[in-house]
Protein chains: 2
Amino acid sequence: MADVAAEAHVSVKTVSRVVNREPGVRRDTELRVRAVIDRIGFMRHDGARILRQGRTQTIALVVEDLANPFYSQISAAVEREARIRQYQLITASAEGSPTRERGVLESLINRRVDGLVVVPAGERPAVDPTVAASGTPIVYVDRPVRGQATDTVISDNPGGVRSAVEHLVANGHRRIALLGDDAEFWTARQRREAFVQIHDALGLPGDAKVSMGPHTVDSLTERLATWSRERSPVTAVITGNNRVTLAALHAMRRSGVEMGLVGYDDFELADLIEPAVTVVNQDPTSMGQKAALQLIARILGDESPAQTVVMPTRLIVRESGRLPASRSLRKASS
Amino acid sequence: MADVAAEAHVSVKTVSRVVNREPGVRRDTELRVRAVIDRIGFMRHDGARILRQGRTQTIALVVEDLANPFYSQISAAVEREARIRQYQLITASAEGSPTRERGVLESLINRRVDGLVVVPAGERPAVDPTVAASGTPIVYVDRPVRGQATDTVISDNPGGVRSAVEHLVANGHRRIALLGDDAEFWTARQRREAFVQIHDALGLPGDAKVSMGPHTVDSLTERLATWSRERSPVTAVITGNNRVTLAALHAMRRSGVEMGLVGYDDFELADLIEPAVTVVNQDPTSMGQKAALQLIARILGDESPAQTVVMPTRLIVRESGRLPASRSLRKASS
């Protein structure tokens, strides 16, 4: 109302009278006020508000696949933090395509979101030029980008892989292999590097065995059968993420190959499968929460240097890390 | 540009010259054009666009819990359909609270989303008055609302329950019970009514046994133990949704009670649990897709009468519907 009054050179009281159709306003004044209302949009809707304040109270989240539990937990956490602080959340999926991601980001910048949380797509993600030019705050999650210092929330991949290898070694395994996800993903590459490094540091026999994705149940069935038939057979595998764990479990079931297993990412039914699946839990809820809070701090003016937060992982020990032999033993005696 | 030109009483060419800092514009004209640009927002950002067109190319989805796989699949489907058609998706969670839902809807209406897909919260949801007053198109999913004809996409709950009961009966079960979710939910009530009706229609012995939620693993452990110790023990249960299935599986594991089971909602590892879990699959992806397409048709001007689409369910037969006795038999002989 104050905006309309100023623009029409009348008092707020006069604007109020016009809006409420009260008497006591000259006809030409009323017409002038109505013209201003029509022009600048009197209703408190977004359009007028954005023009006045430059803020949309909207943040956006761009992930690969909203139906993947890892991303849906991040999404739920970001939405919750946003809602508590009166921000609305736009979610978008880039389906792993850098081209689609560019289009999505451009469209989000055009609608002037206040900030972005992005799981960057592609093999070597860099800061998006449209985002950089706009100066819109952005926090990357799960994978860092090249090119400039940016706020990033990642998981402690080397620590997670180390806990998985050490657990298997402590349970008697020596021939341990990694079933990584597609090496296109930074996380998959980082977990591979960590695996090889830890394998060698612990002095495990032979070269570190690694098979990177994409995997299918078919390809894994074959891979596991081959590994189990070698002269020094692989006795345990570590999977690269929840997708690979699922495929590996199906492949083991199908082929009857029994191997020790530590899965990356916890999943809801891990304790109901036999043997219950030991996992490295990344805590996507905390990752999403941390990213949202950091983003909102930036939106509100935090100009401290960009920071990378490395979230700890946690090994959840169930049964699948034990040697298949010891498991059979335990079963026979129960 | 045309808007700026009209407002400043100059030609579009003149506006173009001012913006591109080309010569040939009088100083006072330039100042007038710049003032108009400053006032109405020349850049093609949302604020200006909303004021001009009245459209935001945004649709919103309001669900109970973005991390629940049922909703995250709906969400992914709606996002996909929206993105293909150049709409952006705002997602929000009402966490099952009608009060929170009202706040969320009001805030979405204030920012003038073009349309809404809503899984309504509360025991007896009605059309939200703010939404109704705004005339914003809305499609309800999973649960209908009272009060007026609205576009709604629901699942065939009676058909799903019937297929579950008939499957259990065909496998020799007579004492079948329903572990429903909280009767606060319309879906839970509808499945309960369908269960009782089908139980009686098939002439199964005794009264239909029903236990409605909220359930915990503890409460279900006790409930299953009680049912299994009765003179005519319950031999099979049907769960009301994915949450209840999960709790029931844990309770069975903990108590050692063996019962036939048909779960409502499919889940990723249903085939890896022993025995593999037979489920009624609701196809949330199709429900989300259908809702999004109906909403976008409304936004684009479809004024045909409101419709309720009932999506079929599908029974996915695995192993858990068989009698515990016959399952033991099968195991012993294998």
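Taking the dipole about the Cα centre of chain B, with the C-beta of Lys and Arg at +1 and of Asp and Glu at -1, give me whichever of B:LEU105, B:GLN88, B:SER75 is farthest to the positive side.
Value computed over the given set: B:GLN88.
What's the angle, to the nearest 10 degrees (0 to 90), between helix A:217-229's Cα axis and the longest principal axis of chain A?
Tilt of helix A:217-229: around 30 degrees.
Counting only other chains, what is the mean number of Cβ atoms within 10 angstrom of the Cβ of each residue in peptide B:87-94? Kindly include the intermediate steps, with their values, before the conclusion.
Values: counts 1, 10, 7, 7, 12, 7, 6, 1.
Mean number of neighbouring Cβ atoms from other chains: 6.
Pairing the Cα long axis of helix B:157-170 with the longest principal axis of chain B, what angle in degrees results, from 0 to 90 and rounded to the nearest 10?
On a 0 to 90 degree scale, this one is about 20.
Below 11 angstrom from the Cβ of B:ALA177, what's the summed charge of the other residues (Lys, Arg +1; Asp, Glu -1)?
Net of charged neighbours comes to +1.
Loop by DSSP (not H, G, I, E, B), at most 11 other beta-carbon atoms within 10 Å: where is the longest site-free stretch of chain B for GluC sites (Glu not before Pro)? Don't skip to the end; give the middle numbers.
Numbers: sites that count: B:GLU123, B:GLU230, B:GLU303.
That would be B:1-122.
So what is the 222 nm mean residue ellipticity for chain B from helices alone, if each DSSP H run of at least 4 adds -39500 (n - 2.57) and you divide by all residues, rounding to the nearest 500 deg cm²/dmol? Provide the component values of the computation, followed by the final result.
Details: 13 runs with 155 residues, N = 334.
The helix contribution divided over chain B gives -14500 deg cm²/dmol.
Given charges of +1 on the Cβ of Lys and Arg and -1 on the Cβ of Asp and Glu, with all other atoms neutral, how large is the dipole of chain B about its Cα centre, in debye to the nearest 20? Mind showing how you got there, number by number?
Values: 43 positive and 40 negative charges, 125 e Å.
Using only the charged Cβ atoms, the result is roughly 600 debye.
What are the extents of the Cα atoms of region A:2-44 along their three principal axes, in Å, largest first?
24, 17, 15
Return A:VAL78, B:VAL18 ranked ascending by Cβ neighbour count within 10 Å, so the fewest neighbours appear first. Intermediate results must be reported in sequence, preceding the final value.
Numbers: A:VAL78 31, B:VAL18 22.
Result, fewest neighbours first: B:VAL18, A:VAL78.
Please name whichever of B:ALA2, B:VAL33, B:VAL19 sits farthest to the positive end of the charge dipole of region B:2-44, dipole taken about the Cα centre and charges placed at Cβ: Lys and Arg +1, Asp and Glu -1.
So the residue furthest toward the plus end is B:VAL19.
Enter the angle in degrees (range 0 to 90, nearest 10) between the Cα long axis of helix B:186-201 and the first principal axis of the Cα atoms of chain B, meaning the one along which they spread out most.
30 degrees
Every number in this text was worked out from the coordinates using simple rules, so none of it is lab data. Small disclaimer: the values here were computed from a predicted structure and weren't measured. Cβ coordinates were reconstructed from backbone atoms using ideal geometry, including for glycine residues, and neighbour counts include every protein chain displayed.
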